[in-house]
Structures are given as structure tokens and as C-alpha cells.
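Engineer: One structure, pasted below without further comment.
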Amino acid sequence: MQLSEYLAQADALAHDARALLDGLDPSTRLDVAKGQLNALKDERFNALQAALRSLSADDRRAAGTAFNALRGAIQEALDLFAARQAKGSGADAFDPTMPARRGWQGTLHPVTLVIDEICEIFRELGFTIALGPEAETEWYNFGALNFPPDHPAMELHDTLYLGEDTLLRTHTSPVQVRTLQRFAPPVRVLAPGQVYRRDFFDATHAPAFMQLEGLAVDEGISFVDLKATLAEFARRFYGASRRVRFGPSYFPFVEPGAQMDVEVDLNDGKGLRWVEILGCGMVHPNVIEAAGLDSEKYTGWAFGMGPARIAMSRHDIHDIRLLYDSDVRFLEQFAR
Ligand code: DAH
């Protein structure tokens, strides 16, 4: 065999081996690929190896170099195929046996869930939703609610003022007056909303928090309506066997004023105890009059509660700040 012929054959075999392996689908098993490669090359490869001996000493050196290059080229083509195969079974391969990734789904905040649940119970009792502004005037926030003019809550250092007469409302009770000004009795509303206090942010206080106000005004409404409605709410929210109790309390916008306690187990091994969940009372005649209604004709009752406190007693949460941290690992425990 001529040297030129030898070099041409070695070149052609390297080319054919590369073409075979490049043309294979990367899902082809490696042993199958090797089998096809051997079928293509073995005979020609062995013939080239045997032909080395029949060449002259000078030609043999050049041919030997070409033969080694052929061996390297075949190995390189095989390595390339193996790499393509590994990549093919990785990121962009479709593997129908792979378990699906867990989908991430948002949920409502535990305090929002409590508010929604309470609103739903009161909706069935005939209440609708009313909203009021978070920036409120002194008159709606205090004056119309029968706060005496020198009440300490109105002091600049006690309350967050936005200007002379405007402040961030300290409670949702101003919605009572705004509602009575807009709608003639019978009125039954629930007013959820954010309120603001000059409080430090600690385990039991937040400077901004949600409140839920309730108001029922009509002719002939009495304390019996208050007790019956709030006790029914507690039965539905906490369960029929839950005990509630009412005790006297003071707020300038109600007379008499009361608070409702519920017996709860905080899961701390100390058993049942009474926890105050809301303030309530008969709407003060001065408030009815401030809203422009005749207090001889109309009476009503009202309540105010903090849904964060209720969520905490329900879920055994001991630090209110957890409800503000937006830590999904904490919040997702309450997902519904
Ligand atoms: N506004 C009161 C507060 O922020 C809560 C409250 C008490 C509201 C008694 C009422 C009520 O409607 O009757 O502490």
C-alpha cells in the first residue's frame, strides 16, 4: 500500500466514525453506540494496523503517527457522544417519571381569615360592611363619641396627628357616626379597618392594627339584643360549648359599657381561663344625637374588637409581631 493511500484511508475512517457518532440520538445507550461504532470501524481499523508492517521503514513512521491520530480521533468522537448523552438526560431532557415540583400558592393572612369569618357570621345575622377613612378629624374620632374635651387620648403625645385637626384614627368607632349620618335606621353594620396608636411595637402591642367595629341602631333596641347577638356570635365562632361572660367596663361612647370574655385554653397546661375579646355597650345618647338622630326614638348597641388578639388566642400565638413579620414559614401554618 502506498503511504498516500494509507493516510487517505485513516482519514476516511476517522471521518466516518465521527459522522456515525454525531448522527446518533443522545438517548442511545452507550453500549449500543459502541456496538455500531465497532461494526463500522473494526475491520478497517485492523486492516490499517496490519498494513503498517508492509510499509517501508520511512513510510511506517509517518503512517504510525497517522494511525495513532486515528485512534485518538475515534476516542474523542466517543467522548463527545458520551458528553452529549449526559447533557441530554439532564436539564432539558423530558423525563415523565420525575416527580412534579410542589406548586407555591399564596393564602390569606391569619388576621384576614379571622375578619372574614366574623364578617360572615354577622352577615348571616343581618349586618353589612361599612368603611371609614383612616385619616380622621378630631370630631369624628373623639368629639362625636362623647369624649370630654380634655380627654388625655386627644393629647398630641398620645395620638398620631397629621395636622391641626386631622389624626390617624385611634379606633374604628368613628365609623359609627359616619354611618348613622348617611343611612337612616334600622342600621346594622360591621366596620373592619386599620387603626393607629402611639404604642411601642412589643409582644402585645402594635402601633397599627386591625379593629372590627359593630353597630346596631333601631327603635326599641335593648341590652338583650346586644347580649343575645354577641353570645350567638361567640357560639358560632368558638363552638356551641364555649362559655362567655359579660362584665362592666367603661368607654365614653357607650352607657352602660361592658366587655365580653370567652373561656379559652391557651394550650400552656394551665387549662381554661377567661380572655377579654371585645368592648361593647349601649350607644350613648350623646352619640346618637351627634349623628343627628333623636335619642328618644332610637337606641342601639355597639362593640369593638381586635381580630389579631382573637387570632392569637385561637392559634396559641404569644407574640403579636409574628403577625407582622411576613415569614412564610410561620404564616403558612394557618393556610386554608
Ligand atoms: N373603640 C374602643 C377601643 O378602641 C373599642 C370599643 C369599645 C368599641 C366599646 C365599641 C364599644 O363600639 O361599644 O378600645
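The values are calculated or read from the model by the stated rules, or taken from the named source; none is laboratory data. Please read these numbers as outputs of a predicted model, since none were measured by experiment. No Cβ is skipped: glycine too gets one built from the backbone with ideal geometry, and neighbour counts run over all protein chains shown. Side chains included, ligands, DNA and RNA excluded: accessible areas come from the protein's heavy atoms. Shrake-Rupley method; radii C 1.70, N 1.55, O 1.52, S 1.80 Å.
Engineer: Scanning segment 195-211 for residues that are more than 16 Å from R178 (Cβ to Cβ) and in a strand (DSSP E or B), which turns out least open to solvent (accessible area, probe 1.4 Å)?
Structural biologist: The selected residue is A208.
Engineer: Scanning segment 214-230 for residues that are touching a residue at least 24 places away in the same chain (Cβ under 8 Å) and open to solvent by 10 Å² or more (accessible area, probe 1.4 Å), which turns out nearest to L278 (Cα to Cα)?
Structural biologist: Checking each candidate, the answer is T229.
Engineer: Filter segment 153-211 down to the residues that are within 32 Å of the chain's Cα centre (by Cα), within 23 Å of E289 (Cβ to Cβ) and of a type in the set (V, I, T) and list them by number.
Structural biologist: T170, T172, V175, V189
Engineer: Looking only at segment 263-292, which residues are in contact with a helix residue (DSSP H, G or I) (Cβ under 9 Å, 6 or more places away or on another chain), away from the ligand (no atom under 13 Å from the Cβ) and open to solvent by 30 Å² or more (accessible area, probe 1.4 Å)?
Structural biologist: L266, V275, N286, A290, G292
Engineer: Which residues, counting only those in segment 174-194, are in contact (Cβ under 8 Å) with a residue 40 or more places away in the chain and either outside any helix (DSSP H, G or I) or among the polar types (S, T, N, Q) (or both)?
Structural biologist: Hits for segment 174-194 are Q176, T179, Q181, P185, V187, R188, V189, L190, A191, P192, G193, Q194.
Engineer: Out of segment 144-166, which residues are buried (at least 18 other Cβ atoms within 10 Å of the Cβ) and either over 23 Å from H284 (Cα atoms) or of a type in the set (G, A, S) (or both)?
Structural biologist: Within segment 144-166, A144, T159 qualify.
Engineer: State yes or no: is R84 basic (K, R) and either at pLDDT 90 or above or within 30 Å of A231 (Cβ to Cβ) (or both)?
Structural biologist: Answer is no for this residue.
Engineer: Please count how many residues of segment 314-335 are open to solvent by 60 Å² or more (accessible area, probe 1.4 Å) and either polar (S, T, N, Q) or without any contact (Cβ under 8 Å) to a residue 40 or more places away in the chain (or both).
Structural biologist: Adding up the residues that qualify gives 6.
Engineer: Can you find a residue that is under 27 Å from F233 (Cα atoms), more than 16 Å from the ligand (Cβ to nearest atom) and either surrounded by 20 or more Cβ atoms within 10 Å (Cβ to Cβ) or of a type in the set (K, R) (or both) anywhere in segment 306-313? Let's see the steps before the verdict.
Structural biologist: Step one: list which residues in segment 306-313 are under 27 Å from F233 (Cα atoms), which gives 306-313.
From the residues that got through so far, the ones that are more than 16 Å from the ligand (Cβ to nearest atom) too are 311-313.
Filter once more, keeping what is either surrounded by 20 or more Cβ atoms within 10 Å (Cβ to Cβ) or of a type in the set (K, R) (or both): 311-312.
Yes, some residue in segment 306-313 is under 27 Å from F233 (Cα atoms), more than 16 Å from the ligand (Cβ to nearest atom) and either surrounded by 20 or more Cβ atoms within 10 Å (Cβ to Cβ) or of a type in the set (K, R) (or both).
Engineer: Which condition does A302 not pass, out of (1) more than 20 Å from the chain's Cα centre (by Cα); (2) more than 13 Å from the ligand (Cβ to nearest atom); (3) among the hydrophobic types (A, V, I, L, M, F, W, C), if it passes all the others?
Structural biologist: Result: A302 fails condition (2) only.
Engineer: Can you spot a residue in segment 218-229 that is at pLDDT 95 or above, in a strand (DSSP E or B) and more than 12 Å from the ligand (Cβ to nearest atom)?
Structural biologist: yes
Engineer: Here are the criteria: (1) assigned to a helix (DSSP H, G or I); (2) within 13 Å of the ligand (Cβ to nearest atom). Tell me which single one L113 does not satisfy.
Structural biologist: Among (1) assigned to a helix (DSSP H, G or I); (2) within 13 Å of the ligand (Cβ to nearest atom), L113 violates only (2).
Engineer: Any residue in segment 237-252 that's over 19 Å from E117 (Cα atoms) and open to solvent by 90 Å² or more (accessible area, probe 1.4 Å): show its pairings with residues that are of a type outside the set (D, E) and more than 16 Å from the ligand (Cβ to nearest atom) at Cβ separation under 7 Å, as long as the two are six or more apart or on different chains.
Structural biologist: From segment 237-252, the pairs are R245/W274.
Engineer: Scan segment 34-68 residue by residue and report those that are within 13 Å of Y6 (Cα to Cα), open to solvent by less than 80 Å² (accessible area, probe 1.4 Å) and of a type in the set (G, A, S).
Structural biologist: Across segment 34-68, the qualifying residues are A47, A50, A51, S56, A62, A63, G64, A66.
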